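Remarks on the structure that follows.
The values are calculated or read from the model by the stated rules, or taken from the named source; none is laboratory data. The structure displayed is predicted, hence computed values, not measured ones. Heads up, the Cβs are rebuilt from the backbone with ideal geometry, glycines too, and the neighbour counts pull from every protein chain shown. Only protein heavy atoms, including side chains, enter the accessible area calculation; ligands, DNA and RNA are left aside. Shrake-Rupley method; radii C 1.70, N 1.55, O 1.52, S 1.80 Å.
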Amino acid sequence: MKVGILGSGDVAKSLAAGFIKHGHQVMLGTRDAGKLKDFVAQHKGAQVGSFADAARFGEIAVLAVKGTVALDALSAAGAANLAGKPVIDATNPIAEAPPTNGVLKFFTDLDQSLMERLQSAMPDVHFVKAFNSVGNAAMINPQFKGGKPTMFICGNNDKAKAAVRGVCEQFGWDVADMGKADAARAIEPLCMLWCISGFLHNDWFHAFKLLRKE
Ligand SMILES: NC(=O)c1ccc[n+]([C@@H]2O[C@H](COP(=O)([O-])OP(=O)(O)OC[C@H]3O[C@@H](n4cnc5c(N)ncnc54)[C@H](OP(=O)(O)O)[C@@H]3O)[C@@H](O)[C@H]2O)c1
């Protein structure tokens, strides 16, 4: 697959490395290609362009930018360049205010998630929430004593979700499909829960697992 990754941070780089490892073609989009010079030197085949270049390049895209500027990055990418494509939304609506007792502050509330805002701003784009509630170090084929961790996903378009399910499974995850975009109201706050043991106990390598009857 050709994958366009919007972002130059740790999530963008970890997912880009994962896609390359699994034989996909990757272009990362950024306002400042200089930030990715070392990454490109270390990852054969990685390409870099603007947000719009990456959006045009991808058959599937990843949104991996700061939550507060997600809409700015998407606008720069261009709705037309992403229309009809699955967009893995890894963002979290983390506010600028610092965490209290290890609990992050969000700029959204429980009646509307960030992904729903993005979905209503760009109705022709098929957003699928994924990879938001695990640290970037554990995104690609993580090894845990308890077996495969669970990736909670949601989104309005079933075909897009099937594509993202395939990516998650290739990256070593069990997938739990939580339904339509409004389920992001529950999936985004998992990031708050995930981060607490990091802030309180400096434990940044763990993941959630959904235990089923069979
Ligand atoms: N860090 C993790 O382990 C982790 C895990 C799960 C989910 N997440 C979520 O994933 C997202 C990315 O996290 P991250 O830690 O990799 O990076 P980050 O530091 O949150 O974001 C960096 C990205 O934000 C973009 N950005 C900043 N200001 C911008 C603006 N005004 N307009 C357009 N783009 C702008 C940057 O673009 P340029 O390249 O142009 O500078 C860069 O690509 C976040 O929403 C985060 O909550 C993070």
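For region 119-144, a residue qualifies if it is of a type in the set (Ser, Thr, Tyr) and either more than 12 Å from the ligand (Cβ to nearest atom) or free of Cβ contacts under 8 Å to residues at least 24 places away in the same chain (or both), and exactly one does: 120. Filtering 59, 96 for residues that are of a type in the set (Asp, Glu), touching a residue at least 12 places away in the same chain (Cβ under 8 Å) and more than 21 Å from residue 136 (Cβ to Cβ) leaves a single hit, 59. Counting just the residues of region 55-77 that are touching a helix residue (DSSP H, G or I) at 6+ places or on another chain (Cβ under 7 Å) and open to solvent by 20 Å² or more (accessible area, probe 1.4 Å), which one comes out farthest from residue 7 (Cα to Cα)? It comes out as 56. Considering (1) among the aromatic types (Phe, Trp, Tyr); (2) open to solvent by less than 40 Å² (accessible area, probe 1.4 Å); (3) over 23 Å from residue 111 (Cβ atoms), the lone condition that residue 194 does not fulfil carries the number (3).
Do we have any residue at all in region 37-58 that's within 22 Å of residue 132 (Cβ to Cβ) and part of a loop (DSSP other than H, G, I, E, B)? Checked against the condition, which is being within 22 Å of residue 132 (Cβ to Cβ) and part of a loop (DSSP other than H, G, I, E, B), region 37-58 yields at least one hit. Determine if region 165-188 includes at least one residue that is within 12 Å of the ligand (Cβ to nearest atom) and under 15 Å from the mean Cα position of the chain (by Cα). Yes - at least one qualifying residue is present in region 165-188.
I'd like to check something: does region 41-54 contain any residue that is aromatic (Phe, Trp, Tyr), surrounded by 20 or more Cβ atoms within 10 Å (Cβ to Cβ) and more than 15 Å from the ligand (Cβ to nearest atom)? No; the residues of region 41-54 include none that is aromatic (Phe, Trp, Tyr), surrounded by 20 or more Cβ atoms within 10 Å (Cβ to Cβ) and more than 15 Å from the ligand (Cβ to nearest atom).
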